[in-house]
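One structure is given below, encoded as structure tokens.
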Amino acid sequence: MPTKRPSAVVNAMAECGPSPGSDALLAGMRLEVDVVRHDGAWDEIAEQMLVRASRVALAEAPALPAGDYELTILLTGDEEMRALNRTWRGKDAPTNVLSFPASESLSGPGLLGDVALACETIRDEARERNLARKDHVSHLVVHG
């Protein structure tokens with residue numbers, strides 16, 4: 001992601017996703033987002049917002065060929081995130097977001113990978129930074 005955020009990303013974060021007509025950003029690309037909830041504390045987070053943020057991230061990625069893309073977003077708690085972080089990064093602490101790309105180089109349509117988000121860490125960060133939780137979640141989906 002470039003240092004300066006493209007306007008579509010800024011709009012997505014301000015509105016918790018691009019406007020309904022912004023699917024044009026994905027000309028020739030389709031993105032299927034599977035949202036998996038492992039923690040009930042995520043119930044107030046709308047799946048639609050997660051899908052919108054994911055689409056903006058894909059639209060702003062370096063030029064990709066048209067086709068069908070897939071992404072899984074795992075909504076979990078700090079305990080599971082800590083285990084994932086320990087297993088995959090050797091860090092025995094929860095973190096806000098982890099990304100698991102399906103491959104080291106994205107060259108075309110297919111599975112993009114998985115993004116895991118930790119409820120308590122994200123809630124605490126949003127509170128500390130005086131951010132709306134949904135805005136922070138949207139930002140982390142784009143980041144992931």
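For residue 132 and residue 89, the difference between the fully extended length at 0.36 nm per residue and the C-alpha to C-alpha distance is 12.6 nm. For segment 84-104, backbone nitrogen atoms closer than 19 Å to the point 7 Å from residue 125 Cα along Cα-to-C-beta are found at 84-101. Computed from backbone phi, the HN-Hα couplings of segment 61-71 come to 5, x, 2, 10, x, 4, x, 9, 10, 10, 8 Hz, rounded to whole numbers (Karplus: 6.51 cos²θ - 1.76 cosθ + 1.60, θ = phi - 60°; Gly and Pro given as x). Within the shell defined by Cβ-Cβ distances under 12 Å, the residues around residue 137 carry a net charge of 0, with Lys and Arg each +1 and Asp and Glu each -1. The phi torsions of segment 127-132, fed into the Karplus equation with coefficients 6.51, -1.76 and 1.60 and a -60° offset, translate into couplings of 4, 4, 9, 6, 10, 5 Hz, rounded to whole numbers, with Gly and Pro shown as x.
Using 1/(1 + (r/R0)^6) with R0 = 35 angstrom and r between the beta carbons of residue 80 and residue 30, what's the FRET efficiency to the nearest 0.05?
0.75
Taking square-rooted eigenvalues a ≥ b ≥ c of the alpha carbon gyration tensor, is segment 85-144 rounded, prolate or oblate, where a/c under 1.5 means rounded and, failing that, a/b exceeding b/c means prolate?
Numbers: a/c = 3.61, a/b = 1.52, b/c = 2.38.
Oblate, because a/c is 1.5 or more while a/b does not exceed b/c.
Bear in mind that the values in this text are calculations on the coordinates, not laboratory data. On a predicted model such as this, the values are computed, not experimentally measured, just so you know. As a convention, Cβ positions derive from the backbone with ideal geometry for all residues, glycine included, and neighbour counts pool all protein chains shown.
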